[in-house]
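Engineer: Structure provided below as structure tokens; questions to follow.
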Amino acid sequence: MYKPSQKPTSKVLELIFLSFLIVFNINNFIKYSPYWGFDGPGHIYLIRYISEFWSFPKEMVYGVSNPPLYYFLAAVLLKIFNNIKIVQLFSLILYFIDLYLLSKCINVLSKNTILNYSVLCFFALLPLNLHYAYMIFNYPLGHFFAILIIYLMIDSFLKESLSKKQIVLISLLTILSILTSLTNLIFLPLLIIYLVLFPYLNLKHKLSAILIVAFVNALFLYPYYVYKVNSYGNFLHITHRTKNKVNISELYKTYPLKFYYNFDLNSFNLPYAPNYMKDGMWILLHQTLYSDYFNYQVDSKHSSDTIPTKGLINTGQHYIDKDKAMKFTGLNYMGIPISFFFLIVILSSLKNSFLFILDQKKTEYFLDLISLTAILLFFVQFLVYILQYPSYVNISSGYIFPAIFILCINLAIKFKSNLVQNIISLCLFMFSIMSYYTFFRSY
């Protein structure tokens, strides 16, 4: 059993940190147009259409096969306020709630105030997290539900209690998360595993909990499943991507082993930058820190559709200013030690998971098993996805971003040595400062 921290967090430090985040993010929010990036116009079109007709368009436009919840909520906001920036503000509000939930978790589990703030600062200034904070996109809401589910699972374990109301609540949140983003499908098997192994429920209560989850999910998800299959022929169908199912051996021919271990961190010098930034797979722990930031950095200020001249590099759909892009390369190098600590966290969770499986009386290792299971499920889900759509192989962090939330929590609690904790804090703070400088100079 983890015991809550006995060391109170400084209120002054909290106020300074919160004030900085508010000023920094509002500055970027005001300057960041929701139409920037490759995806922005497509999502905005759907929201405008729904706000007028209250249904998805029948034509196969970008995003029309996405789950509906975010788009209808955004359409309501647009209808009430008649201002697309209010819809964009919704993403920023969700960003701050995510930070609050992370803060709640690590302050309960860790007594090291400096380490806690370094982890929180790292998560707050993660390039991908910042971009989703300003975007009109279904991922911010999908990530919010995912993070809230993880938080409630941790909270129930720490309280050694899981009532029927809590089970129904987590089940409903799982449904809402899936109706926002199909990347949250992993929470269905994760919730079942969580209930089966939860150490403070007897067998009768576990069976009852599983039946509740099955009933609630069937009641709400089955109609959407039928609609998706009848409309598109495949529950996982994505309208703007061509399905071309292959097996693993065929995929390997396209992406050989060396591709998975590409350590070229100076990625913007490659002839075709997104091949590394969006497709390089060795760094799930590393690239996830910034995958897609490059995509959404391509905007009206930084890109051109014209023939490249000196100082511009090809990004596939645009040409981007090399000086702007190269500022992010330093983050690649800063991410290496952080990725190393993340890897240690995963290996530690693997060891502790085996200890819990061998002896379930060692309840202190239960969260290790759940953390590891969640991360592995994200991997499996990703593999299923790329086998369905091999032409779009990428480790887009939107698919796996909640795993970073889990890893950040573990980063705050896994290392007992003060020296190691200080090294981690220093690495996280340095990364955060560089990320802040990069984004501040970008807008």
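Taken together, the values in this text are just the output of simple stated rules run on the coordinates, not laboratory data. Just so it is clear, the structure is predicted and the values come from calculations on it, not from any experiment. When we count neighbours, we look across all protein chains shown, and the Cβ atoms used for this are built from the backbone with ideal geometry, even at glycine.
Engineer: Loop only per DSSP, at most 12 neighbouring Cβ atoms within 10 Å: give me the trypsin sites (Lys or Arg not before Pro) in the range 82-179, ordered by residue number.
Structural biologist: Lys159
Engineer: Over 20 Å between C-alpha atoms is what I'm after, so list which of Lys58/Lys228; Lys165/Lys206; Lys104/Lys361 land there.
Structural biologist: Those over the limit are Lys104/Lys361.
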